[in-house]
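S.K.: Mind having a look at this structure? Questions to follow.
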Amino acid sequence: MYLEHFGLREKPFSLTPDTQFYLNEQSHRDALNTMLVSLKHSEGFIKIVGEVGTGKTLLCRKLLSMLDDVYLTSYIPNPYLTPAELKAHVAREIGAQVTAGMDTQEIMLAIYDRLLQLASEGRQVVLVIDEAQAMPRETIESLRLLTNLETEKRKLFQVVLLGQPELDELLNRDDLRQLKQRIVFSENLHPLTTEGTRQYIRHRLGLAGARRDLFTGAAAWLLAKASRGVPRLVNVMAHKALLSAYGRGSLNVDSWHVARAISDTEESSALGKLLSLRWHLLWPLAGAMSAGVLLLLDGGI
C-alpha cells in the first residue's frame, strides 16, 4: 500500500470511527460540550442531528470515551427495536433483576428498583442511541415512558439521541410532542468549511505519521468542494487520491490526483465533478506545454 511511500504509520482516512482521529472543530465541539454539560446536570433528553457522513458515530464514541465511572452507559447503534426489546436491553445493561415470563409492568418495576439502587450509589445511567431516526414510533413512546422513572429531585435515566435530519421530522409528529418537549438541549453538526477541510486533512495525516503536508493547497481546495465538507466523503476521496499519487510515484497529492478520485466517487458534488473534468482536460495540455519548454531549453534557446 502507500503507507511506506508517504512515511505513514497507518491509514489516515479509514472509514472506521476511530476516536484517535477526532477533530474538535466548531460544531462537533459545541455538540460534545453540550452533551457533557447536560449529562453532568442530569437533564433529560439531548438531541444531536447531522447529515449522513458528518461524524455522528465518531462523536458518539468520543462522548462515551470521556465519561468516567460515575456514568453507567449503554450504546445502541441500531435502534430498530420493538418496545419489549428496548426494555429488555435496558434491563440487561443496568443489571436489573428480570426473569423470563415477567410482564411489562414487572419489568418496569425491576428497572425502576435498579435505577434507584444505582442512584443511591452515585451512579448515573445514560442511554446513547445512534441513528435514532430509525427507531419505530412505538419504541420511541416506550423510551419516553422509561424516562418517567425519576425521583422528586433528579432524573434516574438520561437519553442522548443522535440521528439524521429525518429525526427532526419524526419528532415533529403530533403524537410525539410529549417527547419533543422533553428535549432540553439540541445541537446540529455542520459540514466542514474549506479551511476546516484543509485542517481536517492535515490533522489526520499528522496523526498517521506524516511529517509534512502531502496535499497541495489546490488539491485540498478541490477536495473540499467535491466533498461539500462531509468528513466521510473527504476520507473516501483523500484515500483514493493518495492511491493515485502512489501509483504514479508522486510524493505529493496534487489536483490531478484528487480529480481522479472525484471522478471515481459517485457521491461527489456536481461542482466537484465539473472541476475534476476541467483538470482532466487541462492536464494533457499542461504536460505538452511543459514538454515544449524543456525542448526549447535543451536547444539552448
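The values are calculated or read from the model by the stated rules, or taken from the named source; none is laboratory data. Here the structure is a predicted model, which means the values were calculated and not measured. Neighbour counts are summed over all protein chains in view; Cβ atoms, including those assigned to glycine, are modelled from backbone coordinates with ideal geometry. Side chains are part of the model used for accessible areas, which takes the heavy atoms of the whole protein and leaves out ligands, DNA and RNA. Shrake-Rupley method; radii C 1.70, N 1.55, O 1.52, S 1.80 Å.
S.K.: Of K11/K47; K11/K87; K180/K225; K11/K56; K47/K240; K62/K225, which pairs sit farther than 29 Å apart, going by alpha carbon to alpha carbon?
M.R.: Working: K11/K47 32 Å; K11/K87 39 Å; K180/K225 35 Å; K11/K56 21 Å; K47/K240 34 Å; K62/K225 27 Å.
Distance filter (> 29 Å) returns K11/K47; K11/K87; K180/K225; K47/K240.
S.K.: Let me ask something else. Pick out, in residue order, every one of the GluC sites (Glu not before Pro) in the range 115-187 that is DSSP loop and has at most 15 other C-beta atoms within 10 Å; say none if there are none.
M.R.: Those satisfying the criteria are E121, E152.
S.K.: 7 Å from Cα along Cα→Cβ at both D174 and T16: what's the point-to-point distance in nm?
M.R.: 4.9 nm
S.K.: What net charge do the residues around A132 carry, taking every other residue with its C-beta under 10 Å from that of A132, with Lys and Arg at +1 and Asp and Glu at -1?
M.R.: Once all neighbours under 10 Å are counted, the net charge is -1.
S.K.: Grab the DSSP H runs of the chain that are 4 residues or longer, score each as -39,500 (n - 2.57), total them, divide by all residues and round the 222 nm result to the nearest 500 deg cm²/dmol.
M.R.: Working: 13 runs with 159 residues, N = 301.
After summing the helix terms and dividing by the residues of the chain, the value is -16500 deg cm²/dmol.
S.K.: From the phi angles alone, apply the Karplus equation (6.51, -1.76, 1.60; θ = phi - 60°) to the range 129-144 and give each ³J(HN,Hα) in whole Hz, x where the residue is Gly or Pro.
M.R.: Computed from phi, the couplings for the range 129-144 are 10, 8, 6, 5, 5, 8, 6, x, 4, 5, 6, 4, 5, 5, 5, 4 Hz.
S.K.: Mind listing P(r) for the range 108-242? All alpha-carbon pairs, 5 Å bins, whole percents.
M.R.: Distribution as computed: 2, 8, 15, 14, 10, 10, 10, 9, 9, 8, 4, 1, 0 percent.
S.K.: Considering Cα pairs under 8 angstrom that are at least six residues apart, work out the relative contact order of the range 1-71 and quote it in whole percent.
M.R.: Working: 25 pairs, mean separation 26.5, N = 71.
Relative contact order here is 37 percent.
S.K.: Please report the antiparallel percentage of DSSP beta bridges with both residues in the chain, rounded to the nearest 5.
M.R.: 5 percent
S.K.: By per-residue mean of other Cβ atoms within 10 Å, what is the highest-first order of 211-221, 67-77?
M.R.: 211-221, 67-77
S.K.: Could I ask something else about it? So if each residue of separation counts as 0.36 nm, and I subtract the Cα-Cα distance between H5 and L64, what length gain in nm does that give?
M.R.: 17.7 nm
S.K.: Follow-up. Which entry in (1) 19.7, 60; (2) 25.0, 94; (3) 17.4, 55 matches Rg and Dmax of the Cα atoms in Å derived from the coordinates of this structure?
M.R.: Matching entry in (1) 19.7, 60; (2) 25.0, 94; (3) 17.4, 55: (2).
S.K.: Further question: Could you report the chain's accessible area per residue, 1.4 Å probe, as an integer in Å²? Mind dumping the intermediate values first?
M.R.: Numbers: 15300 Å² over 301 residues.
Result: 51 Å² of accessible area for each residue.
S.K.: Now for a separate question. How large is the charge dipole for the range 17-140, taken about the Cα centre, if only the Cβ atoms of Lys, Arg (+1) and Asp, Glu (-1) carry charge, to the nearest 20 debye?
M.R.: 140 debye
S.K.: Considering only S255, S65, S142, give the residue with the highest GNM mean-square fluctuation for the chain, with springs between Cα atoms whenever their separation is below 10 Å.
M.R.: S65
S.K.: Now for a separate question. About the Cα centre of the chain, how large is the charge dipole given +1 on each Lys and Arg Cβ and -1 on each Asp and Glu Cβ? Please answer in debye to the nearest 20.
M.R.: It works out to roughly 820 debye.
S.K.: While we're on this one: In whole Hz and in residue order, list the ³J(HN,Hα) couplings for the range 181-190 that follow from phi through the Karplus curve 6.51 cos²θ - 1.76 cosθ + 1.60, θ = phi - 60°; x for Gly and Pro.
M.R.: Whole-Hz 3J(HN,Hα) from phi for the range 181-190: 5, 8, 6, 7, 10, 9, 9, 10, 8, 10.
S.K.: Gaussian network model of the chain, Cα springs within a sub-10 Å range: biggest mean-square fluctuation belongs to which of T265, T139, T16?
M.R.: Highest fluctuation among the options: T16.
S.K.: Taking the dipole about the Cα centre of the range 112-269, with the C-beta of Lys and Arg at +1 and of Asp and Glu at -1, give me whichever of V160, Q124, V253 is farthest to the positive side.
M.R.: It is V253, whose Cα lies furthest towards the positive end.
S.K.: Shifting gears a bit: Using the Karplus curve 6.51 cos²θ - 1.76 cosθ + 1.60 with θ = phi - 60°, work out ³J(HN,Hα) for each residue of the range 21-35 in order, rounded to whole Hz, and write x for Gly and Pro.
M.R.: Calculated HN-Hα couplings, in order: 9, 4, 10, 7, 7, 3, 5, 5, 5, 4, 5, 5, 5, 4, 5 Hz.
S.K.: Principal axis lengths of the range 6-115 from Cα atoms, whole Å, largest first?
M.R.: Here the Cα extents, ordered largest to smallest, are 60, 29, 28 Å.
S.K.: Given H placed on each backbone N at 1.01 Å, which residues far from V230 in sequence or on other chains put an amide H within less than 5 Å of it?
M.R.: Counting only residues 5 or more places away or on other chains, the set is L192.
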